[in-house]
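Report on the structure given below.
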Amino acid sequence: MVHWATSPYSPSTHESDLQSGMQAYLTDCILSALASMGGAPEGFAPEFEQPANPDHGDLSSNAAMQLARHFRKAPRAIAEDIVSHLRDLPLDAARVAAVELAGPGFLNFRFADAHLANELQQIIAAGADFGRTTTGNGKRALVEFVSANPTGPLTVGHGRNAVLGDTVATLLEWSGFEVDREYYFNDAGRQMRILGESVRARYMARVSPDIPTKQIGEGDEILTVPEPFPEDGYRGAYIDDIAGELFEAHGGNLDTDDVEPFKRAAEKQIFADIEATLARLGIHMDSFFNERTLYDSNRVWEIVEAFREKDLAYDKDGAVWFKTTEFGKEADTVLVKSTGEPTYRLPDIGYHADKLERGYDLCIDIFGADHIATFPDVLDGIRSLGYDADKVDVVIYQFVTLIRGGEPVKMSTRKATYVTLDELMDEVGDDVTRFFFLMRSPNTHLEFDLDLAKEASDKNPVFYLQYAHARICSILRKAEETGLERRGTADLSLLDHPAEQTLVKVMMDLPDTIDRAAENREPHRLSNYLREVAVAFTQFYGQCRIIGEDESLAKARLQLADAARQVLANGLSILGISTPERM
RNA sequence: GCGCCCGUAGCUCAACUGGAUAGAGCAGCGGACUUCUAAUCCGCAGGUUGCAGGUUCGAGUCCUGCCGGGCGUGCCA
């Protein structure tokens, strides 16, 4: 992913509440050990990570390696000193079961059983809120996404944008931001005029079926259209549908000299369709921002003047140019065309200035890869106007290819052979649609295999997660039938089976996973994580029985299973995917 | 030409922001249903992380140069 600007996070603030409890404790212990070894450099903070290999403990620090230069000693020797001082402290046996020295100088810590029981207790107590963090500290974020002009139905490409933006927004909410979702559009440009003309031509053909026709396009793109149809008009069937509705409502009474009513009717209908499509995906915008307001308020022209005053804009060939060479670009770019119409850059700058003036601490834009080159100008623009461009972050996602029968599905907006988002959802389902858009890094070109997506089987990863959830629900139902009470206190320290402990450890990672996914704007981190949870639960399920065990153990395991269900439910709800109780 | 992204198992992709033996799924092979859901599980096999250098205790990750693919590079958005 490209981050044009630094995120407002600092590396030291993204640890989750749960994990940071242990990390903060161990940090204190290590610093205390270092103090008696002659002191660490100012501002030193030991780094921690979770080892991939369970033999390396539950949490590992490379502090000794970080300090090799400072102490001018071998990392292993430093680590030995630290370990010996830690043992003298001593470490709290209720939290840390063991500290070991390994490899080139890693300090490996093993959690005590009591610590795991305590963590599980906290997960249960947090319930539907488990995973929420305070990282964002109540700062306000605006996520702008979809932002398709209302010229046609949303396509598969928009789908990735929509799902990505919505989920990034939800992730930010969970990590403590106050988030608004916004849709930016322009209903005044050339695109919309052609849309209106396209509808009008179809309407005229409805009124007068004998109207002359013509052919547009060439090769296999040839299409027969009514004479007034614009050369580069919109070809989709929805255009004729809208014309048909106008004809139903007004007969032949509409004044075809004026394109405005046709444009407005088209916009209204298409926007309604877009909102309905988004609603199917569970997406609801907080606001729609019409580019036109930037003209009505004169804002765009004020910006041109501001640039002129700063000597960043000048006239040439009848156009107004933006001195992007000042920001390291090879050439200046046009800000206002010789027709007097601004290029997209100008309103974009105005729009971002507006967002920042509305008090947002973080403005995220979700863009397809084809917008990559346009954005530096906007950032340079608002920066030179005195705004803090570091508050703006752009998420670029790569394109989607649909695969059917092992072959890419060819799509072209011109030929109107694109697959709409609605058609995709009709074919594979809403949950699968969301999940497939979220299971890969935004940075990678997404191959959406329709055959795989449709298959309601083990090949389809989304069902694996839902199945684990449904399975737990089934156990809870069964437990209720047999009179096993899930609520109340249970002795969680009875959970000493390796599969139980692994499951708890995985579940503990949810807040941290959410923070990282939010910080990096990478929802796939969460979907990958949820698979780990499902795997850990399934292994626990395979190795440990619940119903039929001794009552205190059964109750503890039932609470563990219920906590796993909650973790899956919380995660899936962030991804916007349903959590069936039966499958 | 220039800018950005990508290159990891046969295929689709991960890899906790520089850590220890690079991991999943699918496909392949071999096993497991008198059990709380088999839409499941267990095992086997699969790799010079595109190539070549560099930085350091340590590189898939950072730097440089190549090779290959995608997207841009507009008085379109």
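Annotations for the structure displayed:
- Exposure of A:His70 as accessible area (Å², to 10), given a probe of 1.4 Å and all protein chains: 90 Å²
- Based on C-alpha pairs under 8 angstrom that are at least 6 apart in sequence, chain A has a relative contact order of 17 percent.
- When the alpha-carbon atoms of chain A are used, the pair Rg, Dmax equals 29.2, 97 angstrom.
- Rg and Dmax of segment A:508-583, Cα atoms only, in Å: 14.2, 45
- For chain A, accessible area per residue (1.4 Å probe, heavy atoms of protein chains only), Å²: 44 Å²
- Counted charge near A:Pro51, where neighbours are those whose Cβ lies closer than 12 Å (Asp, Glu -1; Lys, Arg +1): -2
- Mean separation of Cα contacts under 8 Å, 6 or more apart, over the residue count of segment A:17-116: relative contact order %: 26 percent
- Distances between placed amide hydrogens fall under 5 Å for A:Phe448 paired with A:Thr401, A:Leu402, A:Ile403, all partners being 5 or more residues away or on another chain.
- Taking a straight line from the alpha carbon of A:Lys410, these lysines sit under 22 Å away, with near neighbours fewer than eight places off in the same chain left out: A:Lys454.
- Summing charges over neighbours of A:Thr213, with a neighbour being any other residue whose Cβ is under 13 Å away from its Cβ, gives 0 when K and R count +1 and D and E count -1.
- Taking the average, over residues, of other Cβ atoms within 10 Å as the packing measure, peptides A:37-45, A:151-159 rank A:151-159, A:37-45 from highest down.
- Cα centroid separation, segment A:343-373 to segment A:464-519: 42 Å.
- Counting protein heavy atoms only, chain A has 47 percent of its accessible area on carbon and sulfur, 1.4 angstrom probe.
- Using only side-chain charges placed at the Cβ, +1 for Lys and Arg and -1 for Asp and Glu, the dipole size of chain A relative to its Cα centre rounds to 880 debye.
- Computed log₁₀ I(q)/I(0) - Debye formula, equal Cα scatterers, no solvent, segment A:17-116, q 0.12, 0.14, 0.16, 0.19 Å⁻¹: -0.34, -0.46, -0.61, -0.88
- Mean Cβ neighbour count within 10 Å, used as a protection proxy, ranking A:313-324, A:193-204 highest first: A:193-204, A:313-324
- When the Cα atoms of segment A:458-575 are aligned to their principal axes, the ranges along those axes come out at 45, 29, 23 Å in descending order.
- Around the amide H of A:Cys363, modelled in the peptide plane, lie the amide H atoms of A:Leu142, A:Val392, A:Asp393, all under 5 Å away and 5 or more residues distant in sequence or on another chain.
- The 3J(HN,Hα) values that the Karplus relation (6.51, -1.76, 1.60; θ = phi - 60°) gives for segment A:65-78 are, in residue order, 5, 4, 9, 3, 5, 4, 8, 6, 9, 5, x, 5, 5, 4 Hz. Gly and Pro appear as x.
- Working from Cα pairs under 8 Å separated by at least six residues, relative contact order for segment A:458-575 is 39 percent.
- Cα→Cβ-extended label distance, 7 Å offset, between A:Arg358 and A:Asp92, nm: 4.4 nm
- Scoring A:529-537, A:163-171 by mean Cβ neighbours within 10 Å over their residues and listing the highest first yields A:163-171, A:529-537.
- For A:Tyr397, the amide hydrogen comes within under 5 Å of the amide hydrogens of A:Phe367, A:Gly368, A:Ala369, counting only partners 5 or more places away or on other chains and with H modelled in the peptide plane.
The values are calculated or read from the model by the stated rules, or taken from the named source; none is laboratory data. These numbers come from a predicted model, not from an experiment. Neighbour counts are summed over all protein chains in view; Cβ atoms, including those assigned to glycine, are modelled from backbone coordinates with ideal geometry. Each accessible area value is taken on the protein alone, full model and side chains, heavy atoms only, with ligands, DNA and RNA left out. Shrake-Rupley method; radii C 1.70, N 1.55, O 1.52, S 1.80 Å.
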